[in-house]
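Here the structure is laid out as structure tokens; the discussion comes afterwards.
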Amino acid sequence: MKNNIKPSTSTALSRRRFLKTTGTGLGLAALFSNLPKGWAGDVAATTGPETPNLKIGMIALTDCSPFVVAFEKGFFKKYGINATIAKQASWAAVRDNFSTGDLQATHMLLGMPIASTMGLLGSPKKPMIIPWLLNRNGQAITLKNEFKGKVAADPKALKPFADTAKAAGNPLTFAMTFPPGTHAMWMRYYLGAGGINPDKDVSLITVPPAQMVANMSIGKMDGFCVGEPWGVRSIQQKIGYTSVTTQDIWKDHPEKVFAFTAEFADKNPRTVKACLKALNEASVWLDQMENRPEACGIVSQATYINCPMEAILERMTGHIDYGDGRVKEEKEYYMTFHDRDCNYPQPKFATWWLTQFRRWGMVTSAPDYAGVAAAVMRPDIYEEAMKEAGVTPAKRDDSPITLFDGVTFDPAKPEDYATSFAVHSMKSA
């Protein structure tokens, strides 16, 4: 069965075709093919947000910091946004509350707006956009203590244990937080690099971030991937250790995003840009290292993450204690919120996600890589907001990326990359 999104190499044409196939209407066509009138000119720069009262969803993870800081430090208020930060129980709750309009903007895993726009993996078809990347790096793959001294950073060392458990009829269990999300893709990529098929050789389950440590403590899983501070908490509670951080897998990888539904963005362009301006100020503040202790004190509160401040601060300042004797002082590639053009919504990141959807059988054939990436990733909105704020925007980067297994992703050849892996669950066209 062919996907219903036809390939295209032209960004503008891809957007128009993509919108026709998803049936999003003339309002969204205007959003994707030509910016709405409110996006350009002096009026947008001087008129307040169309919808000033926003309920913003969040999950209890360290990378909620930019919009929590934007709220607590008054940056949202500065740009006319009356924000309410609404803690959510799970990523599924985020998706559902966002899709129904209970949330107007939200913290999201990068793959979620892609899956929702395409109607994949249980998501209702609801076009969403990413005009802002919240952070890079800062997640980890945790293994239970029984693997200490046997499995360090190389997932190939895990394969004999996975093979033995599978042969005994009791496969190892690994957890991630949401099927199309970042943690799922890091977990899958890690296992695949070790010669382990996450769909055939082990059991891969979904567990909300804040429940990961509790579930491992009662023996329900052998490993998990989640954002901080839960990797550190597993070490502090002596139930697990870090095999790899996600920046060990992909140096300076994209992580969480700030998302809107395409419909809301179409109707509220000034509101969206006001949010991005506030997030920019919060992100600059966060990447001044002298502010990290205060930031960790803020987000550790019960309203947000609800854990000891020290559990967040350790890895937020680049100190990586893996919990098995390995220690690293990360000088650059720990969790970043602004530096190194962190916030630019690079289309190639959506393209990489689509290659993994293809690799793991989440689509039935080659997707419209260019069309979906152009519809979801919105650097045009990011650039407009930064120019209005007097900030020099970052630039598009289509350069190849090499991950820890030595395999290079060239965004110009996504299907070649997607079909190159020996370990996969790919479906035939």
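The values are calculated or read from the model by the stated rules, or taken from the named source; none is laboratory data. All values reported here derive from a predicted model rather than from experimental measurement. Virtual Cβ from ideal backbone geometry, glycine too; neighbours counted across all protein chains shown. The area values use the complete protein model at the heavy-atom level, side chains included, leaving out ligands, DNA and RNA. Shrake-Rupley method; radii C 1.70, N 1.55, O 1.52, S 1.80 Å.
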Output the strands (runs of 3 or more DSSP E) that fall wholly within segment 77-143 and possess 3 or more residues being under 23 Å from Val372 (Cβ atoms), or say none.
105-109, 128-133
Please determine whether any residue of segment 262-272 is under 18 Å from Ala60 (Cα atoms) and within 20 Å of the chain's Cα centre (by Cα).
no
Of the residues Thr245, Thr182, Thr164, only one is open to solvent by 20 Å² or more (accessible area, probe 1.4 Å) and polar (S, T, N, Q); which?
Thr164
Please go through segment 192-213 and pick out each residue that is assigned to a helix (DSSP H, G or I), of a type outside the set (Val, Ile, Thr) and in contact with a Lys or Arg (Cβ under 9 Å, 6 or more places away or on another chain).
Gly192, Ala193, Met212
Is there any pair with a first residue in segment 239-263 that is at positive phi and a second that is of a type in the set (D, E, K, R) whose Cβ atoms are under 6 Å apart and which are 6 or more apart or on different chains, and what are they?
Asp252/Arg136
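For (1) out of contact with any His (no Cβ under 7 Å at 6 or more places or on another chain); (2) over 14 Å from Gly111 (Cα atoms); (3) open to solvent by 10 Å² or more (accessible area, probe 1.4 Å); (4) assigned to a helix (DSSP H, G or I), each residue gets a yes or a no:
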position: Cys342; (1), (2), (3), (4): yes, yes, no, no
position: Thr351; (1), (2), (3), (4): yes, no, yes, yes
position: Phe357; (1), (2), (3), (4): yes, no, no, yes
position: Ser365; (1), (2), (3), (4): yes, yes, no, no
position: Met386; (1), (2), (3), (4): yes, yes, no, yes
Has segment 303-312 got at least one residue that is without any contact (Cβ under 8 Å) to a residue 60 or more places away in the chain, open to solvent by less than 20 Å² (accessible area, probe 1.4 Å) and not in a helix (DSSP H, G or I)?
no
Contact list, first residue from segment 60-80 and farther than 16 Å from Ala105 by Cβ, second anywhere and among the charged types (D, E, K, R) and not in a helix (DSSP H, G or I), beta-carbon distance below 9 Å, six or more apart or interchain, is Ala60/Lys87; Leu61/Glu228; Leu61/Lys256; Thr62/Glu228
Candidates Tyr334, Tyr382, filtered to the one that is crowded, with 20+ Cβ neighbours inside 10 Å and part of a helix (DSSP H, G or I)
Tyr382
